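Trainee: Before we start, here is the structure in question, set down as structure tokens.
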Amino acid sequence: MKNDRAYQKTQRVALMGLLLALMLVLGFVESRLPVPGLPGVKLGLSNGVLLFALYLLDIPSAILLMVLKILLSGFLFGNPSSMMYAAAGGVLSLAVMALLRRIGSLDAVPVSMAGGLMHNVGQVALAMIILQTPGLLVYMAVLMAVGMVTGLATGLAARAVIRRFPAAKAK
């Protein structure tokens, strides 16, 4: 019995490590794919992994993955400013996705779309505070639409993967 628990913990640590590594790789690839004409727009590839963690694991695990991804990506590929914006978007996005995931048996697609939308809201809100530029609300409208579309794509991909894991269906 004691060995079973140790084995399960080892499996969980290994899975978390793999998910974090996948998030970092996807984040790096994404940083090399600029979207012309729309500064600050990203596809949200690593968000699909975070969504997967919400459905397969639990909220604390997803929070840990998000924090580690922000810190490691910031130190490896970014700077303190990018870490602040990633945190603002990530916290708001994950909070909304976790809430939606918890209150019902919602499919991953609408949860992902809400997460994509809220990620952009969090980042633009922080930019408005730092830059003291209320005119960014206009750009927020564009980013919100983009967030819904990228959230749709990410959600569809995550849903396809989630359906392959029996443990995710049981939660």
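The values are calculated or read from the model by the stated rules, or taken from the named source; none is laboratory data. Remember, it's a predicted structure, so these values are computed and weren't measured experimentally. Cβ: placed from backbone, ideal geometry, glycine included. Neighbour counts: every protein chain shown. Surface accessibility is based on the protein's heavy atoms, side chains included, excluding ligands, DNA and RNA. Shrake-Rupley method; radii C 1.70, N 1.55, O 1.52, S 1.80 Å.
Trainee: Computed from the mean reciprocal separation of all distinct C-alpha pairs, what Kirkwood hydrodynamic radius does region 82-147 have, in Å? Could the numbers behind the result be given before it?
Mentor: Numbers: mean 1/r = 0.0827 Å⁻¹.
Kirkwood radius, region 82-147: 12.1 Å.
Trainee: Here's a follow-up. Assuming 0.692 mPa s and 37 °C, estimate D for region 6-66 with Stokes-Einstein, Rh taken as the Kirkwood radius over Cα pairs, in µm²/s. Intermediate values should be presented prior to the final figure.
Mentor: Values: Rh = 12.6 Å.
Translational D for this selection: 261 µm²/s.
Trainee: I've got another one for you. Could you tell me, in Å, what Rg and Dmax come out for the Cα atoms of the chain?
Mentor: In order Rg, Dmax, the Cα atoms of the chain give 16.4, 60 Å.
Trainee: May I pose another question? Kindly report the accessible area of region 113-153 per residue (heavy atoms of protein chains, probe 1.4 Å, no ligands, DNA or RNA), in Å². Before the final figure, lay out the partial values.
Mentor: On the way: 2060 Å² over 41 residues.
Value returned for region 113-153: 50 Å² of accessible area per residue.
Trainee: For I59 and V149, compute 0.36 nm times the residue count separating them, minus their Cα-Cα distance, and round to one decimal in nm. Please list the in-between numbers first.
Mentor: On the way: separation 90, 0.36 × 90 = 32.40 nm, distance 2.42 nm.
Additional length available on full extension: 30.0 nm.
Trainee: Let me ask something additional. At 222 nm, what value in deg cm²/dmol follows for the chain if DSSP H runs of at least 4 each add -39500 (n - 2.57) and the sum is divided by all its residues, to the nearest 500? Display every interim value, and only then the final one.
Mentor: Working: 7 runs with 141 residues, N = 171.
My calculation for the chain gives -28500 deg cm²/dmol from helical runs alone.
Trainee: Could you list, bin by bin from short to long, the percent of Cα-Cα pairs of region 109-171 in 5 Å steps?
Mentor: Spelled out bin by bin, region 109-171 gives 4, 19, 20, 17, 13, 10, 7, 5, 4, 1 percent.
Trainee: Computed on alpha carbon atoms, what radius of gyration and Dmax characterise region 72-116, expressed in Å?
Mentor: 13.0, 38
Trainee: With an 8 Å cut-off on Cα pairs and a minimum separation of 6 or more residues, tell me the relative contact order of region 42-171 in percent. Present the calculation step by step, with values, prior to reporting the outcome.
Mentor: On the way: 161 pairs, mean separation 43.0, N = 130.
Here the relative contact order equals 33 percent.
Trainee: While we're looking at this one, here's another question. For region 8-88, report the accessible area per residue in Å² (1.4 Å probe, heavy atoms, rounded to an integer). Each step should come with its number before you reach the end.
Mentor: Details: 4420 Å² over 81 residues.
Spelled out: the 1.4 Å probe surface of region 8-88, per residue, equals 55 Å².
Trainee: Mind jotting down the three principal axis lengths of region 47-122 based on Cα atoms? Whole angstrom, largest first.
Mentor: Sorted largest first, the three principal extents are 37, 24, 15 Å.
Trainee: Sticking with this structure for a sec: To the nearest 10 degrees, how steeply does helix 136-162 sit against the main Cα axis of the chain, on a 0 to 90 scale?
Mentor: For helix 136-162, the angle is close to 20 degrees.
Trainee: Related question: Could you compute the net charge surrounding M23? Neighbours are other residues with a C-beta less than 15 Å from the C-beta of M23; K and R count +1, D and E count -1. Each step should come with its number before you reach the end.
Mentor: Working: positive: K42, K69; negative: E30.
Counting the neighbours of M23, the net charge comes to +1.
Trainee: Could you look at the chain and say what percent of its accessible area is carbon and sulfur, using a 1.4 Å probe and all protein chains? List each step's numbers first, then the result.
Mentor: On the way: 7120 of 9750 Å².
Taking all protein chains in place, the chain shows 73 percent carbon and sulfur surface.
Trainee: For L106, project a label point 7 Å along Cα to C-beta. Then give me every residue of region 138-167 with its amide nitrogen under 20 Å of that point.
Mentor: Once the point is set 7 Å along Cα→Cβ of L106, 141, 143-163 turn out to lie under 20 Å by backbone N, inside region 138-167.
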